[in-house]
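A.B. asks: Quick one: structure below, then a few questions.
Derivation of every value follows stated rules applied to the coordinates shown; laboratory data play no part. Remember, it's a predicted structure, so these values are computed and weren't measured experimentally. All Cβ positions, glycine included, derive from the backbone under ideal geometry; neighbour counts span all protein chains shown.
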């Protein structure tokens, strides 16, 4: 899907893809971003590209913007989020003392790991242990 969108609508940034629902009534959820803005017209364009690729034959398709707490998937997403508050869902046991998630300020992005300053100290998270990640809106 990433290659398809990059070819058809190069400025679209695929933030997340999920499949939900039951067999025969699956829902493909696609979160996109764009340097200028994500509006209804862009979501409709992405939906048409997915339809032309045959995905709407198997799934209902929902295309949306990332909202105020965008998912982080690629190195570029993580680099852009440096200095921001993030929440990482991780494999249980992959990060000693972290449990199922790590939250704090993202301070470093490497090829193999991420460094997060948490209230209890700095935590290094292996990239392959991250299951989901998002920026977290700071409360004022």
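A.B. asks: Could you work out which residue, out of 37, 56, 22, moves most in a Gaussian network model of the chain, that is, has the largest mean-square fluctuation with Cα springs under 10 Å?
C.D. replies: Sorting by GNM fluctuation, first place goes to 22.
A.B. asks: Now for a separate question. Report, in deg cm²/dmol and to the nearest 500, the calculated mean residue ellipticity at 222 nm for the chain, where each DSSP H run with n ≥ 4 adds -39500 (n - 2.57) and the sum is divided by the residue count.
C.D. replies: Dividing the helical sum by the residues of the chain leaves -5000 deg cm²/dmol.
A.B. asks: Say R0 is 25 Å: what FRET efficiency, to the nearest 0.05, do residue 64 and residue 101 get from their beta-carbon distance?
C.D. replies: That pair, residue 64 with residue 101, gives E of 0.60.
A.B. asks: Starting from 0.36 nm per residue, how many nanometres of slack lie between residue 127 and residue 25 once their C-alpha separation is accounted for?
C.D. replies: Stretched fully, the residue 127-residue 25 segment lengthens by 33.5 nm.
A.B. asks: Compute the relative contact order of the chain as a whole-number percentage, counting only Cα pairs closer than 8 Å that sit 6 or more residues apart in sequence.
C.D. replies: Relative contact order comes out at 19 percent.
A.B. asks: Another question, then. Connecting C-alpha atoms closer than 10 Å in a GNM of the chain, tell me which of 50, 14, 88 has the biggest fluctuation.
C.D. replies: Highest fluctuation among the options: 50.
A.B. asks: Could you give the alpha-carbon Rg of region 34-110 over 2.2 N^0.38 Å, rounded to two decimals?
C.D. replies: 1.46
A.B. asks: Compute the length gained on full extension between residue 44 and residue 137: take 0.36 nm times their separation in residues and subtract their Cα-Cα distance, giving the result in nm to one decimal.
C.D. replies: Result for the pair: 30.8 nm of gain on full extension.
A.B. asks: Over the chain, what portion of Cα pair distances is larger than 23 Å, expressed as a whole percent?
C.D. replies: 43
A.B. asks: Can you tell me the length gained on complete extension of the stretch residue 3 to residue 112, counting 0.36 nm per residue apart and subtracting the Cα distance?
C.D. replies: 36.9 nm
A.B. asks: Looking at the chain only, what percent of DSSP beta bridges run antiparallel? Nearest 5 please.
C.D. replies: Taking every DSSP beta bridge with both residues in the chain, the antiparallel ones total about 85 percent.
A.B. asks: What do you get for the angle between helix 40-52 and the principal long axis of the chain? Use alpha-carbon atoms, 0 to 90 degrees, nearest ten.
C.D. replies: 70
A.B. asks: Shifting gears a bit: What span do the alpha-carbon atoms of region 75-135 cover on each of the three principal axes, reported in whole Å from largest to smallest?
C.D. replies: Principal-axis extents of region 75-135 (Cα, largest first): 27, 23, 16 Å.
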